[in-house]
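The values are calculated or read from the model by the stated rules, or taken from the named source; none is laboratory data. Keep in mind that what you see is a predicted model, and the values were worked out from it rather than measured. Every residue, glycine among them, receives a Cβ derived from its backbone with ideal geometry; neighbour counts consider all protein chains shown.
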Amino acid sequence: MSHHKVEVKDLRYVYPDGTVALHDVSFRIHHGESVAIVGANGAGKSTLLLHLNGYLSATSGKIVIGDIQLAKHNLTEIRRTVGMVFQDPDDQLFMPTVFDDIAFGPLNMGLAAAEVESRVTEALERVGAANLRNKPPYHLSGGEKKRVAIATVLSMLPEILVLDEPTNGLDPYARRQLIALLQAFHHTRIVTSHDLDMVLELCERTIILQEGRVMADGPTLDIFGNEELLKTCRLEKPLAMQGCPICSPGSRVMPEQKPLVPPHGDKNHDHEH
């Protein structure tokens, strides 16, 4: 499969009740890009992701992975290339042990036992979860489940990694571990998230969806720097771009508060950002 590009052309999806979730969505992602798809709740982000390896079938339009147009007859090949990590890891973990979950995909590819063993071991090491190998998934923490869910996809050796809200529900430490893990994946990454600080750190390009339509597509810094666009799409700047609340223009001390004076009478404004 050449270059492993992802091309979405005039994609439209209508739910059985008549709700139009995606309106003629089009974009192209090249090999090695890290792209975020963001938007308010109900914008169509998860619905779009579920089309990228055939979990949902388009009402109209097309998706091309590499040089192959996605269709029912080639879903197995597409899913070897496009690895999907769902928002809820419990949707992905269903076997008695972590090893069994990660081995499930390679076994279904018909690989020999030795190759399956090798892939499971490597995937667990890549996500820093070798110690979880024999544990039941339901005994894992939220962060551990996320890492194991990613390992189940990595064991398939995908060229494109698709993740739906990967930091959702994680504590700060687990979130930082996950971001470091994703930064180490050097193939194509497509991520949906409300965690715009994670997007800022991980993705050089951002696509904004609003009510199933592409509202913007460009460099992440440019997108997040456009306050009018963000307001229209019910989004806010990442915290990292909002600046210091003390130094920001227009900030003031509330009437009922008195300014804090540092010890020893030093009145210089000397706080950390």
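With respect to (1) buried (at least 23 other Cβ atoms within 10 Å of the Cβ); (2) assigned to a strand (DSSP E or B); (3) without any contact (Cβ under 8 Å) to a residue 24 or more places away in the chain, the lone exception for ILE223 is condition (2). Residues considered: ALA40, ALA21, ALA71, ALA58. Of these, the only one that is under 20 Å from CYS203 (Cβ atoms) and of a type in the set (Gly, Ala, Ser) is ALA40. Of all the listed residues (ARG205, ARG213), the sole one being within 20 Å of ASN41 (Cβ to Cβ) and either buried (at least 17 other Cβ atoms within 10 Å of the Cβ) or modelled with pLDDT of 95 or more (or both) is ARG213.
Residue by residue, here is whether (1) modelled with pLDDT of 95 or more; (2) aliphatic (A, V, I, L, M); (3) assigned to a loop (DSSP other than H, G, I, E, B) holds:
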site: GLY83; (1), (2), (3): no, no, no
site: GLN87; (1), (2), (3): no, no, yes
site: MET95; (1), (2), (3): yes, yes, yes
site: ASP100; (1), (2), (3): yes, no, no
site: GLY105; (1), (2), (3): no, no, no
site: GLY110; (1), (2), (3): no, no, yes
site: SER118; (1), (2), (3): yes, no, no
site: GLY128; (1), (2), (3): no, no, yes
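For the range 79-111, the set of residues classified as among the hydrophobic types (A, V, I, L, M, F, W, C), within 16 Å of LEU124 (Cα to Cα) and touching a residue at least 60 places away in the same chain (Cβ under 8 Å) consists of VAL85 only. Within the span defined as the range 138-145, one or more residues are over 18 Å from the mean Cα position of the chain (by Cα) and part of a helix (DSSP H, G or I). Among the residues of the range 183-197, count how many are part of a helix (DSSP H, G or I) and surrounded by fewer than 21 Cβ atoms within 10 Å (Cβ to Cβ). Total meeting the criteria: 2. Screening SER141 on (1) among the polar types (S, T, N, Q); (2) touching a residue at least 24 places away in the same chain (Cβ under 8 Å); (3) exposed (fewer than 15 other Cβ atoms within 10 Å of the Cβ); (4) under 24 Å from LYS5 (Cβ atoms) shows it passes everything except condition (4).
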